[in-house]
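Here is the structure we will look at, set down as structure tokens.
The values are calculated or read from the model by the stated rules, or taken from the named source; none is laboratory data. Keep in mind that what you see is a predicted model, and the values were worked out from it rather than measured. Here Cβ is always computed from backbone atoms with ideal geometry, including for glycine, and neighbour counts include all displayed protein chains. These area figures cover heavy atoms from the full protein model, side chains too; ligands, DNA and RNA do not enter into them. Shrake-Rupley method; radii C 1.70, N 1.55, O 1.52, S 1.80 Å.
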Amino acid sequence: MILPPHSLGILGSGQLGRMFTQEAIKLGYTVHVYSPDKNSPACKAGAIEWTGSYLDFPSLKRFLDTVSGLSFEFENIPEECLDFINDYSKSRDLNFLKPNALSIKIAQDRILEKQFFNSIGLNTVLYLPIATGEEDFSEFPMPAILKTTRFGYDGKGQWKFNSSDELKVFLRENPPSNNVKYILEAYYPYDYEISVIYARNQEGKEFIFPPALNFHRNSILDLTEFPAPIPENIHNLAISSASLLGKNLDYAGVFGLEFFVSGDELVVNEFAPRPHNSGHYTQNGSDISQFELQLRILTGMDLPEQNTIKPCLMKNLLGDDYSNSLQLCLELMSKDSRYHLHLYQKDEAKPGRKMGHINFVGKKSEVDKRFFNLT
Ligand code: ADP
Ligand code: MG
């Protein structure tokens with residue numbers, strides 16, 4: 001077990017690293033974060049910042065030598081970096097790296113991820129790997145979404161096509177290369193999207209939240225409603241799918257697993273091998289947050305037997321109309337203590353950039369209607 005005041009390492013230094021840092025500092029740990037960025041949200045919350053390339057292995061090694069355990073807030077790192085960290089952790093301590101490198105490797109690559117889901121019996125949308133651009137997709141159902149296999153997030157690296165001719169033109173202009181490969185996914189006409197926040201410790205003890213209902217805007221998460229008002233069979237299927245994934249990865253850590261639902265059918269979309277934006281309701285709608293779970297698993301602290309959850313709505317605040325959003329948040333908070341604002345201290349508000357989120361602990365029918373207009 002890693003006891004306070006030992007040092008913990010996080011790869012990445014954005015808002016998820018920041019919220020991990022906030023939990024870790026409460027318990028007396030020191031947090032070190034590593035990323036190419038300076039003056040990061042995590043550093044402003046008290047983490048010690050290491051600024052360097054993910055491919056600068058001497059610098060990475062000095063960082064790793066400083067900490068007693070390593071976890072991630074950002075998984076989109078080069079494969080060579082992950083291999084380096086994996087080799088390092090094997091030579092040091094079996095429990096150093098959580099989650100394991102295989103889980104990260106699978107989550108990094110949309111094709112590996114879908115193949116793994118299918119191999120353990122989880123349904124996905126129909127897909128076709130596009131490695132050369134010469135693949136025959138004339139029979140592939142349209143509309144379809146082309147995605148880069150790696151490094152995508154918040155809808156980046158995704159294009160929707162209504163016909164195979166449109167797709168052909170795109171691929172002629174943007175052919176796959178050694179660095180960029182694609183996956184073609186059938187557009188899934190879902191009724192709604194849900195996600196499950198799942199945690200599992202090294203000994204295999206699980207901690208699973210009920211599904212949350214997610215609404216996206218421009219492919220970026222906009223609103224989460226917890227718990228999702230969904231039929232019991234879908235609820236159970238989502239939880240058992242998350243558990244199946246966790247067990248098959250021998251997972252140690254927290255992940256967010258996303259699903260599309262149509263009628264009685266549930267398909268798995270993707271998972272993020274770390275706390276997830278759709279799990280921010282755990283900060284105020286649960287006795288324990290997803291970040292404290294990540295901390296407890298990384299340090300080997302036990303997971304709680306009991307937990308109380310409350311209905312909660314989470315709204316993301318983007319940089320598009322930030323000052324107006326902030327003003328409204330402050331007004332809501334001045335009237336009602338069930339609103340909880342979490343800001344990330346990012347240097348600049350840019351369109352599409354996640355600047356913070358606000359949680360409302362209560363039912364959807366009780367929230368101020370203006371909450372939904374926050375952007
Ligand atoms: P990321 O979150 O890594 O950007 P996702 O695959 O989760 O990538 O895509 C973002 C959002 O785009 C999804 O939450 C969903 O709203 C929409 N989307 C992605 N893939 C599909 C699909 N095959 N069918 C329908 N909608 C999709
Ligand atoms: Mg997603």
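Couple of notes before you dig in:
- Equivalent ellipsoid semi-axes - Cα gyration tensor, the chain, angstrom: 30, 27, 21
- Cα-based shape type of the stretch 7-97, given that a ≥ b ≥ c are square roots of the gyration tensor eigenvalues and the cut on a/c is 1.5: oblate
- For the stretch 7-97, the share of accessible area belonging to carbon and sulfur comes to 51 percent (1.4 Å probe, ligands and nucleic acids excluded).
- Bins of 5 Å, starting at 0 and running to the largest distance - Cα pair percent for the stretch 175-256: 3, 12, 19, 17, 17, 16, 10, 5, 2
- Applying the Kirkwood pairwise sum to the alpha-carbon positions of the stretch 126-186 produces a hydrodynamic radius of 11.5 angstrom.
- Rough spin-label spacing in nm, given labels placed 7 Å along Cα→Cβ, for GLU166 and ASP336: 4.0 nm
- Per residue, in Å², the accessible surface of the chain once ligands and nucleic acids are set aside, probe 1.4 Å: 43 Å²
- Centre separation in Å (Cα based) which lies between the stretch 9-37 and the stretch 222-285: 24 Å
- Loop-located GluC sites (Glu not before Pro) in the stretch 104-211, at most 10 other Cβ atoms within 10 Å (DSSP): GLU134, GLU139, GLU203
- Using heavy atoms of the protein chains and a probe of 1.4 Å, the accessible area assigned to HIS280 is about 0 Å².
- Ligands, DNA and RNA aside, ILE111 has an accessible area near 30 Å² when probed at 1.4 Å.
- Only protein heavy atoms count here; under a 1.4 Å probe, THR132 has an accessible surface of about 80 Å².
- Ranked by solvent-accessible area (1.4 Å probe, protein heavy atoms only, all chains present), the residues TYR187, TYR153 order from largest to smallest as TYR153, TYR187.
- Mean residue ellipticity (222 nm) of the chain, computed from DSSP H runs ≥ 4 via -39,500 (n - 2.57), nearest 500: -9000 deg cm²/dmol
- The share of C-alpha pairs in the stretch 85-206 whose separation exceeds 27 Å stands at 31 percent.
- From the largest down, the stretch 32-159 spans 54, 32, 25 angstrom on the principal axes of its Cα atoms.
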